[in-house]
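To keep things clear, I will list the structure first and then write my remarks on it.
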Amino acid sequence: MSTAGESRIGGTGALKYELLLLLVSMIWGFAFVAQQIGMQKGLGPMTFNGLRFALGWFSLVPAIIWRKRALASAERATKLPLAASMCAGLFLFGAAAFQQIGLQYTSSAHSGFITGFYILFVPLLGRFVGHKVPKGLWAPILMCLIGFYLLSVTGDFVVSKGDWLTLACAALWACQILVIDHAAGRGDPIQIACIQFAVCAVLSGLCGLLFESCTLGQVWAASGAVAYAGLMSVGIAFTLQVVCQKHCPPAPASIIMSLEAVFAALAGYLVLHQALTGRAIVGCVLILVGVLMVQLAPVMKASTGTAARSSGSPG
């Protein structure tokens, strides 16, 4: 068995978890198709989200029970950041709602790539809580904006409603990530996730009851899509992410998970036959490159700093 230090450094120990993160990206990418299929079967976006996150919520309960028994008494006594967890749930509800509604008006590929903008929104919105924006961020932002234009703006200079909704979703995902970052280390991450899933499920379910209507037949017809999005995307993929990121360095982990957008486009093509134009493909490539530039920047900076220190005189 490799130690935690070995697995964080790399080698075969880290490779196993990196491959699992690739599986996580694939699960999340194909979830965009499941979300669209669920609505094609007659479920409203809020009803679908309510069912999806309720399944994700319940799927984490056994893991929480097991972890409470397995964790040391000092860890079990850690106070759970309830307010931050519920706030994260509110942002999760908003992000999931905008994404799900947007999928009624755009493709899985568009939604997957535009959702990836959250990686750019995180440092930008972080300025409001005292985080500085690195100078090297502006070039990737410009590249992503150009990519967004090529992907979403039609010949008559109109952006689709679905793309705008998904862009709002990306901003809300960034807010949710910042809240989770604030709560990090203050409690069991799976319990925090469970609370935010519960908040999202309850709010989505209430909106579904108030503003949408569906039959048991429609729920049954969409049960496969709901099960995939709830159990696989919310429950299993999230749990794998938490486990893998304890053993995989954050830089390669984030790069691997950004491939979710690529899998979303692939799933849309294979399952729903959603083709991309050449212009849209160029836009997707620019967005992906911009996202990867954001994620690779800290690695490149660290490597440069290490090289500079090693080239100096000893002592």
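Quick note: the coordinates plus some simple rules give every number you see, no bench work behind them. Everything numeric in this text was worked out from a predicted model, so none of it was measured. All Cβ positions, glycine included, derive from the backbone under ideal geometry; neighbour counts span all protein chains shown.
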Overall form of segment 171-210 per C-alpha gyration tensor (a/c, 1.5; a/b vs b/c) | oblate
Order of H110, H247, H273 from fewest to most other C-beta atoms within 10 Å?
-> H273, H247, H110
Give me R52, R67 ranked fewest to most by other Cβ atoms within 10 Å of their Cβ, as a rough exposure proxy.
-> R67, R52
Give, as a single signed number, the net charge of other residues whose beta carbon lies under 14 Å from the beta carbon of Y105, with Lys and Arg counted +1 and Asp and Glu -1.
-> 0
Rank these for me by crowding, I119, I65, going from fewest to most other beta carbons within 10 Å.
-> I65, I119
In nanometres, what is the gap between the two model label sites at I146 and L296, each 7 Å from Cα along Cα-to-Cβ?
-> 1.6
Quick note, segment 152-225: a/c under 1.5 would make it rounded; otherwise a/b > b/c is prolate and the rest oblate (a ≥ b ≥ c, C-alpha gyration tensor); here it is oblate
Per the rule of 0.36 nm per residue minus the C-alpha distance, extending W220 to V271 adds in nm 16.3 nm
